[in-house]
2 protein chains.
Amino acid sequence: MDAQVYKSDLIFTKNDKEFTSMEQAYLVVENGKVLGVFDRLPGKYESIPLKAYESGFLIPGFVDLHLHAPQYENLGIGLDEELLTWLNKYAFPEEARFSDAGYAEEVYKEVVRRLWENGTTRSVIFGTAHKGSTEILLRLMKKSGLGAYVGKVNMDRNSSQELTEDTERSLEDTEAILDAYRNERLVKPIITPRFVPSCSPRLMEGLGRLAEKYDAPVQSHLSENTDEVEWVKELHPDCESYAHVYERYGLLRQNRTIMAHCVYCTGSEKELMREKGVFAAHCPISNTDLTSGIAPVKDFIAGGVNLGLGSDISGGHTLWMPEVLVHAIQVSKLYYLYKDKDCGRLTLPEAFYLATKGGGSFFGKVGSFEEDYSFDALLIDDCAIIGQGKRSLEERLQKFIYTGEKGCIIKRFVEGNELGYTER
Amino acid sequence: MDAQVYKSDLIFTKNDKEFTSMEQAYLVVENGKVLGVFDRLPGKYESIPLKAYESGFLIPGFVDLHLHAPQYENLGIGLDEELLTWLNKYAFPEEARFSDAGYAEEVYKEVVRRLWENGTTRSVIFGTAHKGSTEILLRLMKKSGLGAYVGKVNMDRNSSQELTEDTERSLEDTEAILDAYRNERLVKPIITPRFVPSCSPRLMEGLGRLAEKYDAPVQSHLSENTDEVEWVKELHPDCESYAHVYERYGLLRQNRTIMAHCVYCTGSEKELMREKGVFAAHCPISNTDLTSGIAPVKDFIAGGVNLGLGSDISGGHTLWMPEVLVHAIQVSKLYYLYKDKDCGRLTLPEAFYLATKGGGSFFGKVGSFEEDYSFDALLIDDCAIIGQGKRSLEERLQKFIYTGEKGCIIKRFVEGNELGYTER
């Protein structure tokens, strides 16, 4: 038995209503999974080695449901544009550089190091259309010990010349990766049609077949920007909605699909997402930075749609999930003021839930300290931000989320392993 | 002659339309003021000592037009509330603690250190109603070498019992500070009625008289939140608008007054502000965090109203002005999407201008590297954020603004003096 007891202040969310906080409690881990959390350590666990963290507190690791690793170098650049212009002017030219394996290795090393540094213990990642560089990213992620789904992007129409794939080749490359990594556990491939406008029906159909054959998850983009939504309508006038295009080609797999953004989903689209257990990846910073809009997250929550948060770099300008979480709360306040007074605003426990257990559910039992959950955790040293007085654990978490920095994270665990990743 | 030449990459905004950027240029400083910037150093300056910064770049220091120093300990706390509730629940109880000089000294030392660390070379600060703690803040700011206006807050109605002042005493304390610091140059007092609801007509009238007598600047709050605006209407039904209440009591002094927020200003209010040269302190993070709304900054710019940015801690959750600047851009995009498609969005040069020369104008010639401007500057080391490829100076600035951290600031200058402030 590989077991460990941690004694520390603990704070996490079992649901989106409230925090569970326990001061100087005991968290018992066995084989990478949480056996339980206790105010007093039960006698049967007394023989297990104990580590005590007397200052600081443990939280579940952050889950980033949507990011484009190859856009890392563009962080902070070009944010005066909107989606379709921005893709052509910034995203596609940068992604084209990933035909060069050496460049991919350099950039992806930095991305992986930054994910580690930012406490993003699980992520769902878009690579580029290149098989080679995507395999580099899979290898580097695996080496880091972080958990991830990594997708080779598929795009065979309406893309830049350099990135437009031959349809058959795109499917072959995708299948080769699915096959090679079929037995991986912590870092796995995910089928990644870029978005409807850049995928031909034949490509989407083929990807739907592969998803079925390999029982693979799927990620893509949905209803991010009004021009994009119009474009999809023109391309697929026979489909009821943008989401129904994915559905037609077998790309909304039950509880295994992530759709990023979902800013402009219609009622029937939301209903389809709920039925299929699609995860909406809410990317508030990106949606603001690219003037896309504000996704109605409170509607998604009320409607029972699976939901998590995404940084969407480099449409979003940071990997730091606390900032994504704060921005989710912020835009929900503005949506309330300027769009819908009835929908309510995101609370801190709700947003924290989305950034941990909400998105974590895509990985299984991830994002909480409840029994049987993977022990993915961050030890937060808040002594530099806590200030003068005595604060409750919930206020200390508030301060960390709103004012903390990467340097506050002093330990990172995934499946019970402490990750000391330092490679540059 | 106390003169110095700096050779470095330089980027700044002479106006809000575009950056002026110069690679490896020469900036000549004499007696704390900029004599000029040159691509080639003129012969007459060749005998002046030269410092060369071969990596990194120089920008003007940041100007924060509105912050509450005594709320520093509350950073990140209580942001699920709106203004009037939040004041009573969080701001007032914390400010009441500043009757204790020892506590004030501790917290204010930290605030001053953080302003220095964040590269905020000039700021306009609310203290508390306490004369003693305000003098402590004035003293600590002076010692730091940073530039500031610091105000003892006045409040004699509708406040918590602990903070409600006797009207005469409030005026006497204010006058004592105005008198004691009348000859200061870099850190000066500013008359600070909290906001109309907490100042009786008699108090405002007395403050107007003091402003005239000491030719002193004034700061307050204006039209931040709809409930607050309604309240002012009830308190002063005879005044045309909220701003007109201040005007009635002589508190809108020509080009010497800052009004924070200005989210809900009416047309005639804006016109009055323009006439009086009132500076609007746009505090986007605070206005979002407290669900106040989005100030129509593009309208203010188009209407010729003086404008700068404020962190408004702890209504806002950070002192880091690049984040304030980014949020100003972000909310302008959402205002465009959800409120007014005709008003346009804030560009990066516009927002940078507001954070430097826009707010700096309240201090005189501050916030630019043009001739005769105070040499207030930050040396930015961007090697950790610039990444792989060669970037233009403007893109390097974009990256610093969107993704930089305090650690990127490696030197800070105010009036030509490098500040090595380190006291904790």
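General observations
- Test: residue in the range B:329-344 that is among the aliphatic types (A, V, I, L, M), more than 14 Å from chain A (Cβ to nearest Cβ), under 19 Å from B:His66 (Cβ atoms) and not in a loop (DSSP other than H, G, I, E, B): no
- Taken over the range A:279-303, the criterion of being in a helix (DSSP H, G or I) and crowded, with 22+ Cβ neighbours inside 10 Å is satisfied by A:Pro284, A:Ile285, A:Ser286, A:Asn287, A:Thr288, A:Asp289, A:Val297.
- Positions within the range B:393-424 being more than 10 Å from chain A (Cβ to nearest Cβ), in a loop (DSSP other than H, G, I, E, B) and free of Cβ contacts under 8 Å to residues at least 24 places away in the same chain, in sequence order: B:Gly420
- Positions within the range B:102-133 being farther than 20 Å from B:Cys199 by Cβ, without any contact (Cβ under 8 Å) to a residue 40 or more places away in the chain and more than 14 Å from every other protein chain (Cβ to nearest Cβ), in sequence order: B:Gly132
- Condition met for A:Glu212 (without any contact (Cβ under 8 Å) to a residue 60 or more places away in the chain and within 28 Å of A:Lys33 (Cα to Cα)): no
- Only listed residue being within 18 Å of the chain's Cα centre (by Cα) and within 12 Å of chain A (Cβ to nearest Cβ), chosen from B:Val278, B:Val305, B:Val326: B:Val326
- Among the residues of the range A:248-294, the ones that are closer than 26 Å to A:Glu212 by Cα and polar (S, T, N, Q) come to 4 in all.
- Checking B:Asn158 against (1) in a helix (DSSP H, G or I); (2) surrounded by fewer than 24 Cβ atoms within 10 Å (Cβ to Cβ), the condition it does not meet: (1)
- The range A:378-407, subset touching a strand residue (DSSP E or B) at 6+ places or on another chain (Cβ under 8 Å) and within 20 Å of A:Ala328 (Cβ to Cβ), residue surrounded by the fewest Cβ atoms within 10 Å (Cβ to Cβ): A:Glu394
- In the range A:259-274, the residues that are under 17 Å from A:Asn287 (Cα atoms) reach residues that are among the charged types (D, E, K, R) with C-beta atoms within less than 6 angstrom, at least six apart or across chains, in these pairs: A:His261/A:Glu224; A:Val263/A:Glu224.
- Scoring B:Leu319 on the criteria (1) part of a helix (DSSP H, G or I); (2) within 11 Å of chain A (Cβ to nearest Cβ); (3) surrounded by 24 or more Cβ atoms within 10 Å (Cβ to Cβ) leaves a single failure, condition (1).
- Residue match in the range A:359-377 (condition: in contact with a helix residue (DSSP H, G or I) (Cβ under 7 Å, 6 or more places away or on another chain) and within 14 Å of chain B (Cβ to nearest Cβ)): no
- Residue among B:Asn31, B:Asn74 that alone is surrounded by fewer than 19 Cβ atoms within 10 Å (Cβ to Cβ) and either over 30 Å from A:Leu337 (Cα atoms) or within 13 Å of another protein chain (Cβ to nearest Cβ) (or both): B:Asn31
- Members of the range A:281-302 that are farther than 16 Å from A:Ala243 by Cβ, among the small types (Gly, Ala, Ser) and either more than 10 Å from chain B (Cβ to nearest Cβ) or touching an Asp or Glu at 6+ places or on another chain (Cβ under 7 Å) (or both): A:Ser286, A:Ser292, A:Ala302
- Check on A:Ser368, hydroxyl-bearing (Ser, Thr, Tyr), modelled with pLDDT of 95 or more and closer than 22 Å to A:Phe38 by Cβ: yes
The values are calculated or read from the model by the stated rules, or taken from the named source; none is laboratory data. Quick caveat: nothing in here was measured; it's all calculated off a predicted structure. Cβ atoms come from the backbone with ideal geometry, glycine included; neighbour counts cover every protein chain shown.
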